[in-house]
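Participant: I have a structure here, written as C-alpha cells, and I will follow up with some questions on it.
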Amino acid sequence: MRKQIAAANWKMNLTYQQGEELLDTILKGNIGLADHQYAVFAVPFPYLIMAQTKLSGKKNYAAAAQNCSDQPAGAYTGEVSAEMLKSINIGYCVLGHSERREYFSEHNQSLATKTQRCLELGITPIFCCGEPLSIREVDAQESYVEAQLKESLFHFSAEEISRIVIAYEPIWAIGTGKTATAEQAQEMHACIRRQLASKYGSQVADAIPILYGGSVKAGNAKELFSRPDVDGGLVGGASLVAADFLKIIESLK
Ligand code: PEP
C-alpha cells in the first residue's frame, strides 16, 4: 500500500516554547497511525532535536527539516548540510518549496544536488513542485511541472526515485486560502504519476507518494485526500493550530 503522509510545514513561525506546546497538544490527541500512514513535522532548524525527541516515541510520527545545503560541508556560513541532519537522525527534508525558489533563488539544478545529498544519506526528500498563477491561466501547468521533475529528478535511478516523496503545490493556492479543487488536485497528481510512469514504469510510479499542498484545511482535507492519486498533504497555515492539524492527520485514508 502506498504511503499516506500528513506533513506540517511550520515555515518561520512559532517560538521554541510555542512549538513545544503545539507538538505536546498534537501528541496528546493520540491519533494512532496505520503502517502506511505518517505524520511529519517540518520545523525550523533550532527545533529539530526537540521535535525529533518528542515525536520519536510515537509510531510513524517524525520531524523533518525545511531545507538543506547543496554542499556537503565547508565554508558556507549559515547553511545546514544533509549530513548534519543525518547526525541527529532526521529522516525527512522538504526541498524546493516555492518560497525558497522565489525568495532564495533555488532552481531545478541546485535542487537536484540537494536531493542527491539527501538520498545518499538515507533522508527522504519531500520534493515540492507546482506552477504559478500565470502558468495555470494559460493551461500550461502540466509541462511546467514536468520540466521541474525532469530537471531535478529524472536522472535518478528507479531505486532512488522510489525513496522520494513529491509534493504538488500550485503556488496560487499556497497561503492564499484559495485551495485547488479536489478534481484539480487529482488531475495534476494523475498527470505527475503518468510522467513518472513514462520514465520509470507504472510499478515504480504507483508506489511514489504525491502530496497536495495549498490551503489544505481541517474542512477540506478529507475530500482532497479521498482522491485516488492524492496521498496526503503538505500543510502550512493549518498545521500551526493543533485541533486543525489533528483533523488533517485523521483525514488520511
Ligand atoms: C505550504 O507551506 O507548503 C503550504 C501549502 O501552505 P498553506 O497550507 O498555508 O497554503
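The values are calculated or read from the model by the stated rules, or taken from the named source; none is laboratory data. What you are looking at is a predicted structure, and each value in this text was computed from that prediction instead of being measured. Here the Cβ is made from the backbone with ideal geometry for all residues, glycine too, and neighbour counts use every protein chain on show.
Participant: Quick one: what pairs do we get from the stretch 46-65, first residue under 18 Å from Lys3 (Cβ atoms), second modelled with pLDDT of 95 or more and charged (D, E, K, R), C-beta under 9 Å, 6+ apart or different chains?
Facilitator: Listed pairs, sorted by first residue: Lys59/Asp35; Asn60/Asp35; Tyr61/Lys54; Ala63/Lys54.
Participant: Please work out which one of (1) within 14 Å of the ligand (Cβ to nearest atom); (2) at pLDDT 95 or above; (3) touching a Phe, Trp or Tyr at 6+ places or on another chain (Cβ under 7 Å); (4) not in a strand (DSSP E or B) is the condition Ile248 fails and give its number.
Facilitator: Result: Ile248 passes all but (3).
Participant: If you don't mind, another one. Counting just the residues of the stretch 87-131 that are among the polar types (S, T, N, Q) and in a loop (DSSP other than H, G, I, E, B), which one comes out nearest to the ligand (Cβ to nearest atom)?
Facilitator: Here the residue is Ser105.
Participant: What residue, of Glu159, Glu106, is over 18 Å from Gly214 (Cα atoms), charged (D, E, K, R), buried (at least 19 other Cβ atoms within 10 Å of the Cβ) and free of Cβ contacts under 8 Å to residues at least 24 places away in the same chain?
Facilitator: Being over 18 Å from Gly214 (Cα atoms), charged (D, E, K, R), buried (at least 19 other Cβ atoms within 10 Å of the Cβ) and free of Cβ contacts under 8 Å to residues at least 24 places away in the same chain holds for just one of Glu159, Glu106, which is Glu106.
To keep it simple, each residue is scored yes or no on (1) in contact with a helix residue (DSSP H, G or I) (Cβ under 8 Å, 6 or more places away or on another chain); (2) among the hydrophobic types (A, V, I, L, M, F, W, C).
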| site | (1), (2) |
| --- | --- |
| Ala147 | yes, yes |
| Leu153 | yes, yes |
| Phe156 | yes, yes |
| Ile171 | yes, yes |
| Lys178 | yes, no |
| Ala185 | yes, yes |
| His189 | no, no |
| Ala197 | yes, yes |
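Participant: Looking at Ser81, Ser98, Ser69 in this structure, which one is buried (at least 17 other Cβ atoms within 10 Å of the Cβ) and in contact (Cβ under 8 Å) with a residue 60 or more places away in the chain?
Facilitator: Ser98
Participant: Turning to a different aspect of this structure: Scan Lys217, Lys199 and give me the residue that is surrounded by fewer than 21 Cβ atoms within 10 Å (Cβ to Cβ), in a loop (DSSP other than H, G, I, E, B) and of a type outside the set (Ser, Thr, Tyr).
Facilitator: From the options Lys217, Lys199, the qualifying one is Lys217.
Participant: Hey, another quick one. Applying the selection to the stretch 1-38, what residues are outside any helix (DSSP H, G or I), under 20 Å from Ala221 (Cα atoms) and within 16 Å of the ligand (Cβ to nearest atom)?
Facilitator: Of everything in the stretch 1-38, those that are outside any helix (DSSP H, G or I), under 20 Å from Ala221 (Cα atoms) and within 16 Å of the ligand (Cβ to nearest atom) turn out to be Ile5, Ala6, Ala7, Ala8, Asn9, Trp10, Lys11.
Participant: Scan the stretch 155-202 for residues that are within 15 Å of the ligand (Cβ to nearest atom) and small (Gly, Ala, Ser) and jot them down.
Facilitator: Result: Ala167, Ala173, Gly175, Gly177, Ala180, Ala185.
Participant: Within the stretch 132-154, track down each residue that is within 16 Å of the ligand (Cβ to nearest atom) and either among the small types (Gly, Ala, Ser) or surrounded by fewer than 18 Cβ atoms within 10 Å (Cβ to Cβ) (or both).
Facilitator: Pro132, Leu133
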